[in-house]
Amino acid sequence: MPSHEPAMHDAIAHLPKVELHVHIEGTLEPELMFALAERNGVELPYASVDEVRQAYAFHNLQSFLDIYYAGARVLQTEEDFHDLAAAYLRRCHADRVRHTEIFFDPQTHTARGIPFDTVVRGLTRALADAEHELGITSQLILCFLRDQSAEAAMATLEQALLWRAHIHAVGLDSAEAGHPPEKFRTVFERARAEGFASVAHAGEEGPPEYIRQALDLLSVARIDHGVQAEQDPGLMQRLASERIPLTVCPLSNVRLCVFDRLEDHNLKRLLDADLCVSIHSDDPAYFGGYIGENYRATTDALGLSLDDLERLARNAVEGAFLDPPARQRLEEEIAQWRAAHSPGPHAD
Ligand code: HPA
Ligand code: ZN
């Protein structure tokens, strides 16, 4: 069945999804950016929502980060963080996301004088509401900004200790080049000792060596992006045999020029090499789509099959921080989805 057929998009719409790579600040839609700017009396360098969208033309990670950090200035109160996360979770519901593990960047806010507690209170309230009202479970992952110092990361970790019950893991994001995982070895050791799980962005723009460091020096449970692993056959073998999850974000990779076109993306090659890859959205308000759109566009561009979609969805469940009963429930939901969407006897 050609993948652009409506039946394939229908199957994607119904697929139970697990989101493992989304930055909550990257879900700030221009409309909400304007509303919060007005609510908080913040001046924006844009005259309209259209002008904001026109500014979203990026040529690499740094050109995006400059605009992303500027947009985050409108987030000031607990209510703002709540409204941001509540809007994101409504999008999740529309995309049939069953579980989401959400990055947040406290340093982006504490550096502007916004208390750590304000951020986490607003986010956790929205997450609790979504679990009750929409049946979506979630975890928070605190990301350290890797272009800031290890000392600043350690101070952020200390602020997180009071919120240990609400923050599942730590991660590493922001400008990758020149900021290797080894810079944060001591911070991740401390985080592990305090009971946090860990992940790290590696091999988005940076070399395969950063993926190796994240695994060997930071002991991360999964790699965010990781697409540069393909340059290193030995690393590819290791990722496959150790079942290291790679949280891949195809639309992000194209918008940040990691790949020229979605048709050139290596996701299908990584999947065929038996890596535990899955599809996610990164900064959907900036990159042209949430998880459902990432699945649809990638399926169309790479000709993914129902088998591929099932493997991708199962890989995301495998990579998630879920307890065994929750993991089993999601696996059963995916099996039911597959039974409902298998080509029937009349399919050619
Ligand atoms: N890469 C690194 N850091 C980030 C990103 C990303 O795509 N989005 C938000 N912070
Ligand atoms: Zn990311």
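Laid out as a table, the results:
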item	result
The listed residue being at pLDDT 95 or above and farther than 27 Å from Ser63 by Cβ, out of Ile141, Ile167	Ile167
Test: Cys257 is surrounded by fewer than 19 Cβ atoms within 10 Å (Cβ to Cβ) and within 16 Å of ligand 2 (Cβ to nearest atom)	yes
From Pro45, Pro16, residue being open to solvent by 40 Å² or more (accessible area, probe 1.4 Å), more than 16 Å from ligand 2 (Cβ to nearest atom) and either closer than 29 Å to Leu246 by Cα or out of contact with any Lys or Arg (no Cβ under 8 Å at 6 or more places or on another chain) (or both)	Pro45
Complete set of residues in the range 1-24 that are out of contact with any strand residue (DSSP E or B) (no Cβ under 7 Å at 6 or more places or on another chain) and modelled with pLDDT of 95 or more	Met8, His9, Asp10, Ala11, Ile12, Ala13, His14, Leu15
Whichever residue in the range 178-209 is within 16 Å of ligand 1 (Cβ to nearest atom) and on the phi > 0 side of the Ramachandran plot and, among such residues, is most open to solvent (accessible area, probe 1.4 Å)	Gly178
Residue in the range 283-336 that is nearest to Arg255 (Cα to Cα), counting only those that are open to solvent by less than 40 Å² (accessible area, probe 1.4 Å) and of a type in the set (Ser, Thr, Tyr)	Tyr286
Close pairs (8 angstrom Cβ cut-off, 6 or more residues apart or separate chains): part of a loop (DSSP other than H, G, I, E, B) in the range 180-205, acidic (Asp, Glu) and surrounded by fewer than 20 Cβ atoms within 10 Å (Cβ to Cβ) anywhere	Pro180/Glu209
Yes/no for Gly71 being out of contact with any strand residue (DSSP E or B) (no Cβ under 8 Å at 6 or more places or on another chain) and part of a helix (DSSP H, G or I)	yes
Conditions (1) surrounded by fewer than 22 Cβ atoms within 10 Å (Cβ to Cβ); (2) farther than 29 Å from Arg222 by Cα; (3) in contact (Cβ under 8 Å) with a residue 12 or more places away in the chain; (4) not charged (D, E, K, R); number of the one not met by Pro6	(3)
Contacts under 7 angstrom Cβ, first residue in the range 282-297 being over 13 Å from Cys92 (Cα atoms), partner away from ligand 2 (no atom under 15 Å from the Cβ) and among the hydroxyl-bearing types (Ser, Thr, Tyr), 6 or more apart	Tyr286/Tyr56
Criterion: within 15 Å of ligand 1 (Cβ to nearest atom), within 19 Å of Leu251 (Cα to Cα), open to solvent by less than 10 Å² (accessible area, probe 1.4 Å) and under 20 Å from the mean Cα position of the chain (by Cα) - qualifying residue of Ile67, Ile24	Ile24
Scope the range 127-167; condition outside any helix (DSSP H, G or I) and charged (D, E, K, R); matching residues	Arg146, Asp147
Index of the failed condition, His341 passing every other in (1) farther than 23 Å from Glu205 by Cα; (2) open to solvent by less than 20 Å² (accessible area, probe 1.4 Å); (3) out of contact with any strand residue (DSSP E or B) (no Cβ under 7 Å at 6 or more places or on another chain); (4) not polar (S, T, N, Q)	(2)
Index of the failed condition, Asp224 passing every other in (1) touching a helix residue (DSSP H, G or I) at 6+ places or on another chain (Cβ under 8 Å); (2) open to solvent by less than 40 Å² (accessible area, probe 1.4 Å)	(1)
Unmet requirement for Arg121, which otherwise passes all of (1) away from ligand 1 (no atom under 16 Å from the Cβ); (2) basic (Lys, Arg); (3) out of contact with any Asp or Glu (no Cβ under 9 Å at 6 or more places or on another chain)	(3)
Residue identified as buried (at least 17 other Cβ atoms within 10 Å of the Cβ), within 16 Å of ligand 1 (Cβ to nearest atom) and at pLDDT 95 or above among Asp105, Asp83	Asp105
Residue that is nearest to the chain's Cα centre (by Cα), among those in the range 27-42 that are away from ligand 2 (no atom under 16 Å from the Cβ) and assigned to a loop (DSSP other than H, G, I, E, B)	Glu29
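Rundown of residues vs (1) touching an Asp or Glu at 6+ places or on another chain (Cβ under 7 Å); (2) under 30 Å from Asp50 (Cβ atoms), yes/no style:
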site: Glu263; (1), (2): no, yes
site: Asn266; (1), (2): yes, no
site: Ser278; (1), (2): no, no
site: Ile291; (1), (2): yes, yes
site: Gly319; (1), (2): no, no
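The values are calculated or read from the model by the stated rules, or taken from the named source; none is laboratory data. This one's a predicted model, so the numbers in the text were calculated from it and none came from an experiment. Counting neighbours? That spans all protein chains shown, and the Cβs are built from the backbone with ideal geometry, glycine included. Please note that ligands, DNA and RNA were not included when accessible areas were found on the heavy atoms of the full protein model with its side chains. Shrake-Rupley method; radii C 1.70, N 1.55, O 1.52, S 1.80 Å.
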